[in-house]
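Engineer: I'd like to ask some things about the structure below.
The values are calculated or read from the model by the stated rules, or taken from the named source; none is laboratory data. Nothing here was measured: the structure is a model prediction, and the numbers come from that model. Glycine gets a Cβ as well: all are built from the backbone with ideal geometry, and neighbour counts include every protein chain shown.
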Amino acid sequence: MLKRVLIANRGEIALRILRACRESGMETVAVYSTADEKALHVQLATQSVCIGPAAAGESYLNQNALLAVAKATGCDGVHPGYGFLSENADFADACREAGLTFIGPSGDVIRRAGDKAAARKMMRAAGVPVTPGSDGPVETVHAALSAAHQVGYPVLLKASAGGGGRGIRRCDNDEQLESAYQQAKAEAMACFGNNELYLEKLVLRPRHIEVQVLADRFGHAVHLGDRDCSIQRRNQKLIEEAPAWGLSDAMRREMGEAAVRAAKAVGYESAGTVEFLFDETGEHFYFMEMNTRIQVEHGITEMITGVDLVREQLRIASGLPLSIRQEDIRLSGHAIECRINAEDPQQDFRPAPGPVEFIHFPGGNGVRVDSGLFTGSELSPYYDSLVAKVMAHGRTRLEAIRRMRRCLEEFALEGFATNAELSYQILYHPAFIRGNCSTAFLEENLARLLDFSRRAGDEEEQL
């Protein structure tokens, strides 16, 4: 087993990794920027080292500094968490060249899975359903137009190296495609340093369903059920649940097996997620992308399977086989996660970082909260706006919904605005309760949900 792990991240995911390491008997080295000097992961790690100034480019994204700290502190492993350098193939390679174990897939695998256009080809060859679209990159606007005419509008132009909802343009006709092509290329280059685009048919009103996989270096791979991530705004997830509601056992098994084939097709090793679009008919699903890291929402899969995904990552990276077989995995009950972000939905979701004057997290049976904040800490404007991941598990989906409502009623934060009230309103929406929301849900219902939130706030002030 690994002995000492550098955690190349911050916030709640750094804490999550730190706890798994400690329970596995591993020491931890935390890195932090000057903005995170008093952060919780810094206080709880075996050892902590300042990595640079607040700007991420000079601290958490500084590969040379991270590797220098890892070597100086005697680490034998590096866990990148999610975001930052977690899907950076060059960093994975650099860790291995420095004699460090990168806790994740190899750089070559990250490149294969991260190139969306190339990944589509591999998935087709592996028998994984893919959305109709271009056979590879569309090198010119004329190639894009030809592919669009072949599959029919509406279509999406997408960055081959994309992720996080960036580098995507919807086009409903030739004129829009011609206009969007250069814009998408420019955004792709600015965000990912790669302006390659591909085109695919836009699946209208889909559900966004992803499958969790684990794979070791001995060729063993398993899936751990699915998660529905359809409640999202501008491709950013807000509420997730596991398992996805309303899937037949046969469909769930088919998706899981397709996800395992996808992982094996790219030679995957570690924890990963295969994302699918589920069409409006409920009869077809299509490969969208593979995320080569631990996901933000991994906790709800842990709640319904009892499997510690980060612990499995540590075992795999240590050269051990998976501790579970496919037949060992049983889905128990239902779990929901609400991402509480420091943003003001009433002000067009304007970021609202600041000092935490007071914070209280919910608790009780079936409740888990992952957060790096505490009363007296500060949510920095330099990084993402995540305050906490509130998770609730129940024997049934309805019990999980009711438990999550109770959790959000207990959640309290003074110091800045959050989206907690919006999430609370969603949990009462009839479409959500029925479990048939598409990715268009929030766009279609946001005005009404915000009106309910506004009135609830007014009533609270009057009280």
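Engineer: Among the numbered conditions (1) surrounded by 20 or more Cβ atoms within 10 Å (Cβ to Cβ); (2) more than 30 Å from F358 (Cβ to Cβ); (3) more than 16 Å from the chain's Cα centre (by Cα); (4) of a type outside the set (F, W, Y), tell me where K264 comes up short.
Structural biologist: (1)
Engineer: Which one of the conditions (1) charged (D, E, K, R); (2) surrounded by fewer than 22 Cβ atoms within 10 Å (Cβ to Cβ); (3) under 30 Å from H284 (Cβ atoms) does K71 fail to meet, given that it meets all the rest?
Structural biologist: (3)
Engineer: Quick check on segment 186-196. Is at least one of its residues touching a Leu at 6+ places or on another chain (Cβ under 6 Å), under 30 Å from R350 (Cα atoms) and not in a helix (DSSP H, G or I)? Outline the logic, then answer.
Structural biologist: First pass over segment 186-196, keeping only residues touching a Leu at 6+ places or on another chain (Cβ under 6 Å): none.
Taking every residue of segment 186-196 in turn, none turns out to be touching a Leu at 6+ places or on another chain (Cβ under 6 Å), under 30 Å from R350 (Cα atoms) and not in a helix (DSSP H, G or I).
Engineer: Whether any residue in segment 407-414 is touching a Ser or Thr at 6+ places or on another chain (Cβ under 8 Å) and not hydrophobic (A, V, I, L, M, F, W, C) is what I want to check.
Structural biologist: Within segment 407-414, the first condition is being touching a Ser or Thr at 6+ places or on another chain (Cβ under 8 Å), and the residues that meet it are 408.
With not hydrophobic (A, V, I, L, M, F, W, C) added as a condition, the list becomes none.
So far as segment 407-414 goes, no, none of its residues is touching a Ser or Thr at 6+ places or on another chain (Cβ under 8 Å) and not hydrophobic (A, V, I, L, M, F, W, C).
Engineer: Please pick out the residue among A56, A30, A39 that is of a type in the set (G, A, S) and in contact with a helix residue (DSSP H, G or I) (Cβ under 7 Å, 6 or more places away or on another chain). Step through it out loud before you land on a result.
Structural biologist: On the way: A56 fails: in contact with a helix residue (DSSP H, G or I) (Cβ under 7 Å, 6 or more places away or on another chain); A39 fails: in contact with a helix residue (DSSP H, G or I) (Cβ under 7 Å, 6 or more places away or on another chain).
Of the residues listed, the single one that is of a type in the set (G, A, S) and in contact with a helix residue (DSSP H, G or I) (Cβ under 7 Å, 6 or more places away or on another chain) is A30.
Engineer: Could you look through segment 298-320, keep only residues that are in contact with a strand residue (DSSP E or B) (Cβ under 7 Å, 6 or more places away or on another chain) and polar (S, T, N, Q), and pick out the one that is nearest to A14 (Cα to Cα)?
Structural biologist: Looking at residues that are in contact with a strand residue (DSSP E or B) (Cβ under 7 Å, 6 or more places away or on another chain) and polar (S, T, N, Q), I get Q313.
Engineer: Right, here's the next one. A388 fails exactly one of the following numbered conditions: (1) over 22 Å from the mean Cα position of the chain (by Cα); (2) crowded, with 19+ Cβ neighbours inside 10 Å. What is the number of that condition?
Structural biologist: Of (1) over 22 Å from the mean Cα position of the chain (by Cα); (2) crowded, with 19+ Cβ neighbours inside 10 Å, only one is false for A388: (1).
Engineer: Now for a separate question. Quick check on my filter: what residues within segment 282-328 are among the β-branched types (V, I, T), more than 19 Å from V266 (Cα to Cα) and assigned to a loop (DSSP other than H, G, I, E, B)? Spell out how you get there, then give the answer.
Structural biologist: Here is the first cut: in segment 282-328, the ones among the β-branched types (V, I, T) are 292, 294, 296, 300-301, 304-305, 307, 310, 316, 324.
Next cut, more than 19 Å from V266 (Cα to Cα) only: 296, 300-301, 304-305, 307, 310, 324.
Within segment 282-328, V296, V307, I324 qualify.
Engineer: Still on this structure: I'd like the residue in segment 229-271 that is touching a residue at least 60 places away in the same chain (Cβ under 8 Å) and charged (D, E, K, R) and, out of all such residues, is nearest to L331 (Cα to Cα).
Structural biologist: E241
Engineer: Here's a follow-up. S423 fails exactly one of the following numbered conditions: (1) at pLDDT 95 or above; (2) surrounded by fewer than 21 Cβ atoms within 10 Å (Cβ to Cβ); (3) among the small types (G, A, S). What is the number of that condition?
Structural biologist: (2)
Engineer: Another question, if that's okay. Does G256 meet the test of being modelled with pLDDT of 95 or more and under 30 Å from L199 (Cβ atoms)? Step through it out loud before you land on a result.
Structural biologist: Numbers: modelled with pLDDT of 95 or more: yes; under 30 Å from L199 (Cβ atoms): yes.
Judged against the criteria, G256 is a match.
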